[in-house]
Amino acid sequence: MSDKDSASVTKGSTRGHDDHVVAVPADDASGSNVDAAWKYLENHKHDASGTDAVDIAALRRRIDFRIVPLMFLCYTLQFLDKVILNYANVMGLQKDLGLKGNDFSNIATFLFVGLLCFEIPNIYFLQAVPAAKWLGLNVILWGTATACGAAATNYRTLLVTRVFLGIFEATIAPSLMLISSQWYTKSESAPRFSFWYLGLGLGQIIGGLVSYGFQHMGPDAQLAGWRTMFLTLGVITVLVGACVIIFLPDTPMKAKWLSDNEKVALLKHVSVNKTGVENRKFRGKEVVEALLDPQVYLLLLAVVLLSVSSGVVTTYSATLIRGLGYTPKKSALMNTPSGVVSIFFTLLVGYGIRTQSHRWAWILVCIVPAIIGGALMSFLPKTNRSGILAGIYLVNAVVAPLAIFYNWTVANVAGPTKRAFAAAIISGSFSLGNIIGPQTFQARDAPEYRPAKIAVMATQVGCALVTVLLFVYYSWQNKRRNNVAENENEEAFMEPEAWARMTDKENKRFRYTY
């Protein structure tokens, strides 16, 4: 089912299919257990008559201006604060801290260990605390951890700062996933995911330029260039975190810059998602359902395979370029095209999904160039520097599908607890892949690191196969359900059962997007 099909709600169409009434679980039938958005709609019925005058397209543009830039900044900085370790490695970090053997790989790995370990506790906080406030607090804390990296004196002290950076960054992807789903329909959210995800590519470009700039600090400077880079970016991140707390609303219902009529119109508009906006009650059986849901495991496996290459790109791209015989300064600059490739493919899939849908096909469009890049990196002789560089750049196409998998998660998993759990699991699987990726780089394989390069290619082939399996699974699930949700208007979703905290398995009107 395409996005346009799953979210096809046209004013003036008839409701139909009244014989297919969704059975609401007993514990969800009461007003205390439905989504906060339905309660708001119930309390503002008098504003419903004015919603016809609200221009949804204009309203969406206002929301884009208010919400997306902050999410974009957060994602840019979370990647930049991670990737500066990549650049610091060619700026003398190993020499200054006396790192030996696999110390650097371990430091890169344990950031994601911290991130992975905190994903499970993060599920609780995402339901207990407003997502926007929780995000802002963690942005401030990971900015502080980044700045503290400037004070590292040896392997252990730098390792501690990176572990805490991972702990505080654990919320970034789940929070942005949940926040995006509050404001947009499924088809609208895909390009917005792609836009804030552009921060990854921009972070690669900025990282190279920032590293190049700080490498020009003289030998008489009180702080080494890489230390000043850590401190500067940490302070900037803290300031952005404060802006998130102040300016990003917890939910559409709490947006001071929207009128009551606009809030009602927006909630009716996003009601077709059947995933709700906000419900703070934790329901353990939704976690059990998620653990028994095949789509969660397929998404998990796909993201792990995808993220092995992402871990390589994040941590070792500058090192691989330097291994071709370039100076540290030139290595930093020559890594910036990686960000351009990432941005190109992210924009391509965002536009493609919005106009043509079929997420699975656009994932394959990105994976094929990444496989080619992995082959160029692995099998070309070291003398062919241009070909190897092209391979390193092409591998960056693999970062774009991660935004699609994030969007798939919140689009196809309903139920507040189940969705928060699934978002954390998929974010955690990204961490797992990034743990595996740097560990494929072993000191004994330097300087070519051929086993790691081959791993990049092999994992992308595996991700492509799992993506096709997801497409088959979602198609099969949709065929099992009667098309009772087709051609319904927005009013069909204003009943309590549309906002009850039902999961995608419980709600037989739910349709999976692929």
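The values are calculated or read from the model by the stated rules, or taken from the named source; none is laboratory data. Quick caveat, the model's predicted, so the values are computed rather than measured. All Cβ positions, glycine included, derive from the backbone under ideal geometry; neighbour counts span all protein chains shown.
Data table
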read-out: Members of segment 221-259 found to be over 22 Å from the mean Cα position of the chain (by Cα) and assigned to a loop (DSSP other than H, G, I, E, B), listed by number; value: Ala221, Gln222, Leu223, Ala224, Ala255, Lys256, Trp257, Leu258, Ser259
read-out: Residues of segment 196-220 that turn out to be farther than 22 Å from Ala422 by Cβ and either in a helix (DSSP H, G or I) or hydrophobic (A, V, I, L, M, F, W, C) (or both), as a count; value: 17
read-out: Single residue of segment 69-122 satisfying the filter (of a type in the set (Val, Ile, Thr) and buried (at least 21 other Cβ atoms within 10 Å of the Cβ)) that is farthest from Tyr449 (Cα to Cα); value: Thr76
read-out: The listed residue being crowded, with 23+ Cβ neighbours inside 10 Å and either in contact with a strand residue (DSSP E or B) (Cβ under 9 Å, 6 or more places away or on another chain) or more than 30 Å from Val349 (Cβ to Cβ) (or both), out of Gly149, Gly203, Gly213; value: Gly149
read-out: Conditions (1) touching a residue at least 40 places away in the same chain (Cβ under 8 Å); (2) charged (D, E, K, R); (3) within 22 Å of Arg322 (Cβ to Cβ): number failed by Arg444; value: (1)
read-out: Of all residues making up segment 84-106, the number that are in a loop (DSSP other than H, G, I, E, B) and more than 10 Å from Tyr155 (Cα to Cα); value: 6
read-out: So Phe195, is it surrounded by fewer than 24 Cβ atoms within 10 Å (Cβ to Cβ), under 26 Å from Lys95 (Cβ atoms), at pLDDT below 90 and of a type in the set (Phe, Trp, Tyr); value: no
read-out: Val340, sole failed condition from (1) at pLDDT 85 or above; (2) within 18 Å of the chain's Cα centre (by Cα); (3) not basic (Lys, Arg); value: (2)
read-out: Of the criteria (1) in contact with a His (Cβ under 7 Å, 6 or more places away or on another chain); (2) at pLDDT below 80, which one Asp260 fails; value: (2)
read-out: First in segment 139-154 and under 18 Å from Ile107 (Cα atoms), second anywhere and in a loop (DSSP other than H, G, I, E, B) and at pLDDT below 95, Cβ under 9 Å, 6 or more apart; value: Ala150/Leu223; Ala150/Ala224; Asn154/Gly98; Asn154/Leu99
read-out: Meets criteria (out of contact with any Cys (no Cβ under 9 Å at 6 or more places or on another chain) and within 30 Å of Gly415 (Cα to Cα)) for Leu99; value: no
read-out: Positions within segment 168-199 being closer than 18 Å to Thr237 by Cβ and of a type in the set (Gly, Ala, Ser), in sequence order; value: Ala170, Ala173, Ser175, Gly199
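Results for (1) under 30 Å from Asn261 (Cβ atoms); (2) of a type outside the set (Ser, Thr, Tyr); (3) modelled with pLDDT of 85 or more, shown as yes or no for each residue.
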site	(1), (2), (3)
Asp5	yes, yes, no
Ser13	yes, no, no
Ala48	yes, yes, no
Met71	yes, yes, yes
Leu77	no, yes, yes
Asn89	no, yes, no
Asp103	no, yes, yes
